[in-house]
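> Encoded as structure tokens, here's the structure I'll be asking about.
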Amino acid sequence: WPYCRKRCSYCNFNKYVVPAVDEAAVRACLVREAQTLLRLSRVRSITSVFFGGGTPSLASPGTIAAVLEAVAGAAHLPADAEVTLEVNPSSASTPRLAGFRAAGVNRLSIGVQSLDDAELRLLGREHTAAEAREAVEAARRLFPGRTSIDLLFGLPGQSRSAWARGLEAALGLCDDHVSLYQLTLERGTVLAAQVQGGSLPTPAQDLLADMYHTACDALVAAGFRHYEVSNFARKGALSTHNLSYWRAEQYIGVGPGAHGRFVPWGEGSCSREARVQTLEPDAWMREVQSRGHGTRRRVVLSPLEQLEEVLALGLRTDEGITQERWGRFSPQLSLEAVFGVPGEAQELQQQGWLVLDGSGLRCSREGLALLDSLLPALLCQLQR
Amino acid sequence: QEKLDMSMYPVESIRNFSIIAHVDHGKSTLADRLLEITGTIAKTGCNKQVLDKLQVERERGITVKAQSASLFYNHNEVNYLLNLIDTPGHVDFSYEVSRSLSACQGVILVVDANEGIQAQTVANFYLAFEAQLAIIPVINKIDLKNADPERVEKQIEKLFDIPVDECVRISAKRGTNVEKVLQKVIEKIPPPHCNTADPLKALVFDSTFDHYRGVIANIALFGGEIEKGHKIVSAHTKKRYEVNEVGILTPNEQPTHKLYAGQVGYLIAGMKEVTEAQIGDTLFLYKQPVEPLPGFKSAKPMVFAGMYPVDQTEYNNLKSALERLTLNDSSVNVHRDNSLALGAGWRLGFLGLLHMEVFNQRLEQEYNMSVILTAPTVPYKAVLSSAKLIKEYGKKEITIISPAQFPDKLSVSEYLEPTVLGTIVTPQEYIGKIIVLCQDRRAVQKDMLYIDEHRVMLKYLFPLNEIVVDFYDALKSLSSGYASFDYEDAGYQAADLIKMDILLNGNPVEELATIVHNDKAYATGKFLCERLKDAIPRQLFEIAIQAAIGKKIIARETLKAYRKNVVAKCYGGDITRRMKLLKRQAEGKKLMRKIGNVEVPRDAFIRVLKRQTDK
């Protein structure tokens, strides 16, 4: 759902703020495209559904229900498949959330970002800290154990102590899943311009590293498993949907700007493709109406490219890349054959950043924080 | 095309003169007006810097190449031939100025009515004075609000000993009183002292290259006559040529039957390269050699800079661009050079910083080439004491062009550095700061004199390398633009030079080794370390960046290790973008230079070595 009521100061996603949305038309196109792509992929069973955007909680539960119905009609959608909806605290009243639950949603991801009003204003968020709290509490009542919150750290001007306070408040409020993101100043955003122009300070590298590590420690101490660079879960409440990205499984993207990775057997192809749907909603709708789907770009991924994705994404998780998964994408060359020989990977292992053993290849705790410094070298080794 | 008959102008009716001035005082504008008044060019509203033919000259408002123009003027019933020889206005080209002046019998010295005497006014005055030329002081820009011609006339009297009543006050822009200048030229400047009956003796005071006609040499005849068919010889190269065409410049080429003694014009004689018609050379008739005119010297480079193509694939393009550009500029010294970091390139010698900048600008504008200029270095010398090295080089005193060639202290009895005598003219309120600046540049004061109640002229002996990078900028900056600077070669002096290495985690980086004076070692070392720190990406371990002399570390910067470097979000939409970026980084890694365990991107060297002025 690509629409929002306003654009936050740090956001550079494919989002659109429009005065009025023809929900019926959008709904019809989402349904149509879902059906078309599902048939194209010949997928038999769906493991998870994720409603992202934009602000999906601005769509009506009816639209959510329609899409889920379409999915269930074109493939098998098990009753216990994870169905997540991203929620903005300003459109998260109990009745509304209940409506989504009735429509088939069984997990919520709430964009809290911060529990401090000044910080929320800096970020250009639509809600107050109090509203965020209410939203989380409402969500936990309706979706116990299945609510996730998003948090940001490293805001310009944010002190260590401010973050510590924020972390404590979040830990007191959250359910069993937390997504913790370092704020990235993207070119073209209002916030980036403010920092560039000097009206806001640039956060120091060391401070950011400290904030991250403090947060990881605190979350782990509170019983969370640090299962991906930015994601923490306790009592097994991991996000199935996101795991499928990092495990390079198949996924179908529906809607403006959505991304997918699957094999379009329906067209006679047998190669995994990277696909993206047309970004601009109106253009996307026209395409869906005329030919059933609005796929803007599709690129066949070569075996090497697929392996590169497996590597770069898999190393983001604590389980890393299992021998078995690697074997599926690289039947001839095992992990050992690529990374177990003298070279970059071995050096990194010796330095304590990587681990290669019987289970597979993964980062050490320290290595995870420095993954982007390790990956270029590993990619070189893989390419050779 | 009908050819002009130059025999109509006997020696007594000829005046050869030049206009000299400090930058921007109105030399070229005055030349424009003189051309208009004498009907040489049509009077339109848009005659501006007519004699400046190069795009770069017109853009920067400077004269780079000397041009000449023959003007015809009737005064008191007599037809006069006035030869105006335009001169480059910048110190870098003082040799060209002096050669042009040797073809003249007088000069018009233009001084801005508001700015008054500046450093180059003085420098050029002395050139004319030493050449014993008649000097007509002209005070220009009297139309401007802040003009104070009376004050300037007094300066001229005090500094140059020329009586106040000899000054002419004009506005070249408006044309006010310009005709009076012409009359003074006729009255005050003597005709040339030479004879057509003598054997041919011609001075080359400039040359240009034309693709169709070959080299066009600007000449002034000191004796004899010259015409098509004559066989002539160059005193410098000893080569023989046959004259194809002679003529005058008005300011475009106008062929004539002959040129006579005392006249100024051009000659085309089948020369293929401008190096065959060097400035200051003497031409004479075959089998009638004459005493060559004094003052000829090969252009001496004062400033060297490394020039490299941005990418090695552009090497051949740059090579041919350089070849063509130097066709018309014989004063650029070209040596091939090789840098570990930047690949194959050249070390070019220029007459000065302006010469280098103009050259670079012409490369960009006329040949569309973008290059990397490394920090200019100067030609140090060493007097060898090691018999082995003396044999290897074939001489005792060698010029060290790059740090790789720096001979060890043990093999050397003395190191030498080039020096210049600099003249600074400044309002007195900046004297203190300027003195500090000069001292900071290892300069020794040679003279200090008050020009008038407000201004001082300072003379300092500078090591050349202290002014080639940014002295001029610093001077202008701390004097709010009022101080002016001019310099001339002052030979070599003994210097305590050392070779400084840059180390990364203990391993030397060849590309960044520099030759520096001991007094400046620390400051330079610190500067290089800081720049390198900004140019290398952080890595998984700490990097010690050090400047060292031999084994001694004199400066250090530390590049801390990364503690966190992983992108926060990586979901569906982010993945494609992420992979692209990662693959680009992987490609970049392959191009990196590894020094010890430190990975250095290729552009790191460029960023450290590049001239840092962003003018």
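Read the figures in this text as sums done on the coordinates, not as results from a lab. The structure displayed is predicted, hence computed values, not measured ones. Positions of Cβ are backbone-derived with ideal geometry, glycine not excepted, and every protein chain shown enters the neighbour counts.
> Let me know the mean shielding of A:250-261 by other chains, meaning the per-residue number of their Cβ atoms within 10 Å of its Cβ.
Whole-number average of other-chain Cβ neighbours for A:250-261 is 2.
> Based on alpha-carbon centroids, what's the gap between the stretch A:44-79 and the stretch A:179-224 in Å, whole number please?
33 Å
> Now for a separate question. Report the relative contact order of chain B, percent, no decimals, based on alpha-carbon pairs under 8 angstrom and at least 6 residues apart.
10 percent
> Looking at chain A, I'd like the Rg to Rh ratio, where Rg is from alpha-carbon atoms and Rh is Kirkwood's inverse mean 1/r.
Computed over Cα atoms, the ratio is 0.96.
> Right, something else. Convex hull over the alpha-carbon atoms of the stretch B:201-285: what's its volume per residue in Å³?
77 Å³
> Further, regarding this structure: Once amide H atoms are placed 1.01 Å from N in the peptide plane, what residues at a sequence separation of 5 or more from A:TYR3, or on another chain, have their amide H within under 5 Å of its amide H?
Answer set, sorted by chain and number: A:TYR16, A:THR55.
> Taking amide H atoms as placed 1.01 Å from N in the peptide plane, list the residues 5 or more away in sequence, or in a different chain, whose amide H sits under 5 Å from that of B:ASN140.
Correct list: B:VAL111, B:ASP112, B:ALA113, B:ILE170.
> According to the Kirkwood expression over distinct Cα-Cα pairs, how big is the hydrodynamic radius of the protein assembly as shown, in Å?
Evaluated over the protein assembly as shown, this radius sits at 34.9 Å.
> Shifting gears a bit: For a quick protection proxy, order the peptides B:227-235, A:86-94 by their average other-Cβ count within 10 Å, most packed first.
Sorting B:227-235, A:86-94 by mean packing, highest first, produces A:86-94, B:227-235.
> Let me ask something additional. Mean residue ellipticity at 222 nm from the helices of chain B, using -39,500 (n - 2.57) per DSSP H segment of n ≥ 4 over the full residue count, to the nearest 500 deg cm²/dmol?
Helix-only estimate at 222 nm: -8000 deg cm²/dmol.
> Okay, next question. List the chymotrypsin sites (Phe, Trp or Tyr not before Pro) in the stretch B:160-232 that DSSP assigns to loop (not H, G, I, E or B) and whose Cβ has at most 10 other Cβ atoms within 10 Å. Which are they?
Answer in residue order: B:TYR212.
> Taking the alpha-carbon distance from B:LYS446 and a cut-off under 15 Å, which aspartates and glutamates remain once sequence neighbours fewer than 8 residues away in the same chain are dropped?
Here the aspartates and glutamates satisfying the reach criterion relative to B:LYS446 are B:ASP486, B:GLU488, B:ASP489.
> Further question on the same structure: Given that compact globular proteins tend to follow 2.2 N^0.38 Å, what is the ratio of the alpha-carbon Rg of the stretch A:249-300 to that value?
1.10
> Follow-up question, since we're still on this one. List the GluC sites (Glu not before Pro) in the stretch B:360-433 that DSSP assigns to loop (not H, G, I, E or B) and whose Cβ has at most 13 other Cβ atoms within 10 Å. Which are they?
Filter output for the stretch B:360-433: empty list.
> Averaged across the residues of B:557-567, what count of C-beta atoms belonging to other chains lies within 10 Å of each residue's C-beta?
Mean shielding count: 6.
> Now, a different point. Given the Cα atoms of the stretch B:499-609, and with Rh set as the inverse mean 1/r over their pairs in the Kirkwood sense, what is Rg to Rh to two decimals?
That ratio equals 1.09.
> Among B:ASN79, B:THR237, B:TYR415, whose Cα lies farthest out toward the positive end of the dipole of chain B, if unit charges sit on the beta carbon of Lys, Arg (+1) and Asp, Glu (-1)?
Of the candidates, B:TYR415 comes out farthest on the positive side.
> Summing Lys, Arg as +1 and Asp, Glu as -1, what charge do residues with Cβ under 9 Å from the Cβ of B:GLY247 carry, B:GLY247 excluded?
Charge balance near B:GLY247 sits at -1.
> Can I ask one more? Relative contact order of the stretch B:116-247, please, whole-number percent, based on alpha carbon pairs below 8 angstrom and at least 6 residues apart.
That works out to 15 percent.
> Suppose only helical runs count, i.e. DSSP H with n ≥ 4. What mean residue ellipticity at 222 nm does that imply for chain A under -39500 (n - 2.57) per run, divided by all residues and rounded to the nearest 500 deg cm²/dmol?
Result for chain A: -13000 deg cm²/dmol, rounded to the nearest 500.
> From the phi of every residue in the stretch B:560-566, what ³J(HN,Hα) in whole Hz does the Karplus formula 6.51 cos²θ - 1.76 cosθ + 1.60 yield, where θ is phi - 60° and glycine or proline is x?
5, 6, 5, 10, 8, 8, 8
> May I ask you to evaluate 6.51 cos²θ - 1.76 cosθ + 1.60, the Karplus curve with θ = phi - 60°, for each residue of the stretch A:374-384 and list the ³J(HN,Hα) values in order in whole Hz, giving x for glycine and proline?
So the Karplus estimates, Gly and Pro as x, are 8, 4, x, 5, 5, 5, 4, 5, 5, 5, 5 Hz.
> Let me see the pair-distance distribution of the stretch A:304-383: every alpha carbon pair, 5 Å bin width, integer percents in order.
For the stretch A:304-383, the pair-distance distribution reads 3, 16, 32, 30, 15, 3, 0.
> Also, I was wondering about something else. Could you compute the net charge surrounding B:GLU187? Neighbours are other residues with a C-beta less than 14 Å from the C-beta of B:GLU187; K and R count +1, D and E count -1.
Counting the neighbours of B:GLU187, the net charge comes to 0.
> What base-10 log of the normalised intensity I(q)/I(0) is obtained for chain B from the Debye formula, alpha carbons as equal point scatterers, at q = 0.09, 0.10 Å⁻¹?
With no solvent term, the Cα-only Debye profile gives -0.83, -0.98.
> To continue, here is another question. Kindly state, to the nearest 0.05, the FRET efficiency for B:ASP534 paired with A:ARG225, given R0 = 35 Å and r defined as their beta-carbon distance.
Using R0 = 35 Å, I get an efficiency of 0.30.
> At most 12 other Cβ atoms within 10 Å and a DSSP loop assignment: could you name the trypsin sites (Lys or Arg not before Pro) in the stretch A:76-118 that fit?
Answer by residue number: there is no such site.
> If the only charges are +1 at each Lys and Arg Cβ and -1 at each Asp and Glu Cβ, what is the size of the charge dipole of the protein assembly as shown around the Cα centre, to the nearest 20 debye?
2700 debye
> Looking only at the stretch A:23-243, where both bridge partners belong to it, what percent of the DSSP beta bridges are antiparallel (to the nearest 5)?
25 percent
> If Lys and Arg each add +1 and Asp and Glu each add -1, what is the summed charge of the other residues whose beta carbon sits under 12 Å from the beta carbon of A:PRO144?
Summing Lys/Arg as +1 and Asp/Glu as -1 gives +3.
> Oh, and also: Over chain A, what is the relative contact order in percent, taking alpha-carbon pairs closer than 8 angstrom and at least six residues apart?
13 percent
> What angle do you read, to the nearest 10 degrees and between 0 and 90, between the alpha-carbon axis of helix B:178-188 and the longest principal axis of chain B?
Tilt relative to chain B: about 70 degrees.
> Against the 2.2 N^0.38 Å scaling, with N counting residues, where does the stretch B:103-227 land? I'd like the Cα-based Rg ratio to two decimal places.
That works out to 1.30 for the stretch B:103-227.
> Relative to the longest principal axis of the C-alpha atoms of chain B, give the angle of the C-alpha long axis of helix B:431-440, reported between 0 and 90° and rounded to the nearest 10°.
Taking Cα atoms only, the helix is inclined about 60 degrees.
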